[in-house]
Amino acid sequence: MRTIRSLGLLLCAVLVVAGCATGGARAPLRVAALYCGEIQIPDISPWSPGFNQGRPMTFSDNCYLIQHGSDWMLWDSGLADALAANPDGAGGPMGMRMRRTKTLASQLAALGVAPEQIKIVAFSHTHADHVGNANQFAGATLYMQQAEHDAAFGAEPGKFGFNPALYAKLRDAKVVKLNGDKDVFGDGSVVILSTPGHTPGHQSLLLRLPKTGAVILSGDCAHFEENFDQRRVPRFNFSREQTLASMERVAQLMRTERAQFWINHDGEQNAGLAHGQFID
């Protein structure tokens, strides 16, 4: 009997390490990719130094609405909804032009979800194309790496390319400050991954969907597939060494989890995703 009990305890320990639920079945999990803008870039060589000189590319920009049981979570918030009122979009650094044709608010409404229903919000990082609508979710609990929080709410956010006006209402929000990975719901189904490098506290997200399987949402750990495959680091990243280590970490997780890697700004890959509908 003692041997059987020991084996049972060992199995429980293995399940915990693997990120599996130990207190019964996981709550139902599903995710919807939402269109959150696009960025036209005339020359992507700054993102891949030494390569692609003069090559244009249109970056996609997604947000992800996640339902875990009765809980709603938003991952990233895209470019500001106000851009949808201007067909020409807005200019940005390095000749970029940012556009969106429909708002995040309207897409949430189409799925029957109001901003105040979203109880958890997390951003891969604090650049404008990821926190453009952050102020709509000031009532949610914010999950953020300590290093990113220090940079975003510190004395010099502009030093990191952050615009504090875009997330000012989150200054007083409830915050769970992280120093590494976080199993959001405690059952291994939604895990924030610490992947610093692009910014001081950049993070990615691992979803273990019941039918689709494991999916890793990239944030800006890599901007397009070629850069990820060739381990090319944008010249403006916070840390080249951390970026490379984060890419390797994601690659290892892809192998062990047999995970898909959804690269947020890879327009070609993004065209193959169904938007505005849930998958599980």
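Coordinate-derived values only; no laboratory data. Just so it is clear, the model here is predicted, and its values are computed rather than measured. Heads up, the Cβs are rebuilt from the backbone with ideal geometry, glycines too, and the neighbour counts pull from every protein chain shown.
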Legend entry - Three-way shape call for region 113-238 based on the alpha-carbon gyration tensor, with the a/c threshold at 1.5: oblate
Legend entry - For region 29-279, with +1 on Lys and Arg beta carbons and -1 on Asp and Glu, the positive-most of Tyr143, Ser60, Ile41 along the dipole: Tyr143
Inset, instruction - Pairs of Cα atoms under 8 Å, at least six residues apart: use those to get the relative contact order of the chain, whole percent. - result: 19
Legend entry - Whole-Å distance, taken between Cα centres, linking region 52-91 and region 190-233: 16
Inset, instruction - Measure off 7 Å from each Cα along the Cα-to-Cβ vector at Glu156 and Gln40, then give the distance between these two points in nanometres to one decimal. - result: 3.5
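Expressed in nm to one decimal, what extension gain is obtained for the pair Asp181 and Ala245 from 0.36 nm per residue of sequence separation less their Cα-Cα distance?
The Asp181-Ala245 span can extend by a further 21.6 nm.
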Inset, instruction - Just order 161-169, 201-209 by mean Cβ neighbour count inside 10 Å, highest at the front, would you? - result: 201-209, 161-169
